[in-house]
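*Asks:* Provided herewith is a single structure, encoded as structure tokens, for subsequent inquiry.
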Amino acid sequence: MIRHTVVFRLKHSKGSEAERQFLADARILAAIPGVGRFEQLRQVSPKNDHDFGFSMEFADQAAYSLYNDHPDHVAFVRDRWIPEVESFLEIDYVLLNGA
């Protein structure tokens, strides 16, 4: 299993319609085959300056690769993520043996 996570800050004003629309439109990612446990999260720690997070799970590397290359994901990154995200950190996890 791979857990794909990203924390990010948008270029939009906090609480704006543009922010709301970005988050609503990002839900298209949950419908891509192989995506499990898609969550949109609000970051609350004062230890970093990101505002939101996305988290999702994939059964294996093949499922993650299909997602990464899927036309809906490619289009979202090109048309929404790149122009609207100011800063982000992406982390992909696998379980440690024995965990």
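Nothing in this text is a laboratory measurement; each read-out follows from the coordinates by a stated rule. Please read all numbers here as calculations on a predicted model, not as lab measurements. Because the Cβ atoms are built from the backbone with ideal geometry, glycine has one as well, and the counts that use them run over all protein chains shown.
*Asks:* Expressed in nm to one decimal, what extension gain is obtained for the pair residue 16 and residue 86 from 0.36 nm per residue of sequence separation less their Cα-Cα distance? Walk me through the numbers on the way to the answer.
*Replies:* Details: separation 70, 0.36 × 70 = 25.20 nm, distance 1.52 nm.
Fully extending the segment from residue 16 to residue 86 adds 23.7 nm.
*Asks:* List every residue whose amide H lies under 5 Å from the amide H of residue 10, counting only residues 5 or more places away in sequence or on a different chain, with H placed 1.01 Å from N in the peptide plane.
*Replies:* 51, 86
*Asks:* Set Lys and Arg Cβ to +1 and Asp and Glu Cβ to -1, take the dipole of the chain about its Cα centre, and tell me which of 22, 46, 97 lies farthest positive.
*Replies:* Value: 46.
*Asks:* Could you give each residue of segment 55-72 its phi-based ³J(HN,Hα) in whole Hz, using Karplus coefficients 6.51, -1.76, 1.60 with θ = phi - 60°, and x for Gly or Pro?
*Replies:* 9, 7, 10, 10, 4, 6, 4, 4, 5, 5, 5, 4, 4, 4, 9, 5, x, 5
*Asks:* Work from the charge dipole of the chain (Cβ charges, +1 for Lys and Arg, -1 for Asp and Glu, about the Cα centre) and give the residue of 81, 8, 62 farthest towards its positive end.
*Replies:* 8
*Asks:* For the chain, what's the relative contact order in percent, using C-alpha pairs closer than 8 Å and at least 6 residues apart?
*Replies:* Taking the mean separation of contacting Cα pairs over the length of the chain, I get 46 percent.
*Asks:* About the Cα centre of segment 1-49, what is the dipole size in debye to 20, counting +1 per Lys and Arg Cβ and -1 per Asp and Glu Cβ, all else neutral? Could you put the intermediate results ahead of the total?
*Replies:* Values: 9 positive and 5 negative charges, 33 e Å.
Roughly 160 debye for segment 1-49.
*Asks:* Just to be sure I understand the model, the point goes 7 Å from the Cα along the line to the Cβ. What's the resulting residue 1 to residue 48 distance in nm?
*Replies:* Placing both labels 7 Å along Cα→Cβ, they lie 2.1 nm apart.
*Asks:* So what is the calculated 222 nm ellipticity per residue for the chain, using -39500 (n - 2.57) for each DSSP H run with n of 4 or more, over all residues, to the nearest 500 deg cm²/dmol?
*Replies:* Numbers: 3 runs with 24 residues, N = 99.
Per the formula, -6500 deg cm²/dmol.
*Asks:* Additional query: Hey, what did segment 26-74 get for relative contact order, percent, Cα under 8 Å, at least 6 apart?
*Replies:* Rounded, it is 42 percent for segment 26-74.
*Asks:* Here's another thing I want to ask about it. State log₁₀ I(q)/I(0) for segment 2-93 at q = 0.19, 0.21, 0.24, 0.26 Å⁻¹ as given by the Debye formula over alpha-carbon point scatterers of equal weight, solvent excluded.
*Replies:* -0.90, -1.09, -1.37, -1.53
*Asks:* Evaluate the charge dipole of the chain about its Cα centre and quote only its size in Debye, nearest 20, assuming +1 on the Cβ of each Lys and Arg and -1 on the Cβ of each Asp and Glu.
*Replies:* Working: 11 positive and 15 negative charges, 54 e Å.
Taking the Cα centre of the chain as origin, the dipole is about 260 debye.
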